[in-house]
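Peer 1: Just dropping this structure here.
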């Protein structure tokens, strides 16, 4: 089974860069990267030392419901190229040893039993295993240390 890593949509990111409210109804905060583990959820690369970035609350679900987790994420404050799903495993998952992955059903609820911390080098195999469950529609990748949303994994076929 083929998978793709799906970054945040460019229209959402552009709106946030232009002052749209985050999931908490607040304007994103601005800061300057010190170059240490500040991953952009649009290009799925690290935000370089000295580069401006945004800190904001993000809820990667279409509707409010008990499983719609909300948490902090980072974005380049200036334009960056969205991660191309055809490029394979993104930089931020190559540079981190582990991540939390968990499957979600088409109603955007967690499919219990799918959550696990995996080595990022083996993530595709673990995702393929989770997708064997016909109830799993997509997978979230989250920080193994802080549970922050990183990106989504989708089937390509």
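Peer 1: Which numbered condition trips up residue 85, out of (1) within 22 Å of residue 14 (Cα to Cα); (2) surrounded by 17 or more Cβ atoms within 10 Å (Cβ to Cβ); (3) modelled with pLDDT of 95 or more?
Peer 2: Condition not satisfied by residue 85: (3).
Peer 1: Test residue 69 against the criterion of being in contact with a strand residue (DSSP E or B) (Cβ under 7 Å, 6 or more places away or on another chain), in a loop (DSSP other than H, G, I, E, B), over 18 Å from residue 2 (Cα atoms) and in contact (Cβ under 8 Å) with a residue 40 or more places away in the chain, and give yes or no. Please lay out each step first, then the result.
Peer 2: Working: in contact with a strand residue (DSSP E or B) (Cβ under 7 Å, 6 or more places away or on another chain): no; in a loop (DSSP other than H, G, I, E, B): yes; over 18 Å from residue 2 (Cα atoms): yes; in contact (Cβ under 8 Å) with a residue 40 or more places away in the chain: yes.
Taking the combined requirement at face value, the residue does not satisfy it.
Peer 1: Given the conditions (1) surrounded by fewer than 18 Cβ atoms within 10 Å (Cβ to Cβ); (2) in a loop (DSSP other than H, G, I, E, B); (3) at pLDDT 95 or above; (4) more than 12 Å from the chain's Cα centre (by Cα), which single one is not true for residue 64?
Peer 2: The failed condition is (3).
Peer 1: Tell me, please, whether a residue that is farther than 30 Å from residue 131 by Cβ and touching a residue at least 40 places away in the same chain (Cβ under 8 Å) can be found in segment 32-49.
Peer 2: The answer is no, given that none of the residues of segment 32-49 is farther than 30 Å from residue 131 by Cβ and touching a residue at least 40 places away in the same chain (Cβ under 8 Å).
Peer 1: Residues in segment 103-119: is at least one under 15 Å from the mean Cα position of the chain (by Cα), on the phi < 0 side of the Ramachandran plot and without any contact (Cβ under 8 Å) to a residue 12 or more places away in the chain?
Peer 2: Looking through segment 103-119, none of the residues is under 15 Å from the mean Cα position of the chain (by Cα), on the phi < 0 side of the Ramachandran plot and without any contact (Cβ under 8 Å) to a residue 12 or more places away in the chain.
Peer 1: Taking the criterion of being part of a loop (DSSP other than H, G, I, E, B), within 15 Å of the chain's Cα centre (by Cα) and crowded, with 17+ Cβ neighbours inside 10 Å, would at least one residue in segment 7-17 satisfy it? Give the steps one after another, and end with the answer.
Peer 2: Filtering segment 7-17 for residues part of a loop (DSSP other than H, G, I, E, B) gives 7-9.
Remaining after also requiring within 15 Å of the chain's Cα centre (by Cα): 7-9.
Among the residues that remain, those that are also crowded, with 17+ Cβ neighbours inside 10 Å are: 7-8.
For segment 7-17, residues part of a loop (DSSP other than H, G, I, E, B), within 15 Å of the chain's Cα centre (by Cα) and crowded, with 17+ Cβ neighbours inside 10 Å: present.
The values are calculated or read from the model by the stated rules, or taken from the named source; none is laboratory data. Treat the numbers as computed from the prediction; the structure is a model and nothing was measured. With ideal geometry, Cβ positions are generated from the backbone for all residues, glycine too; neighbour counts draw on all protein chains shown.
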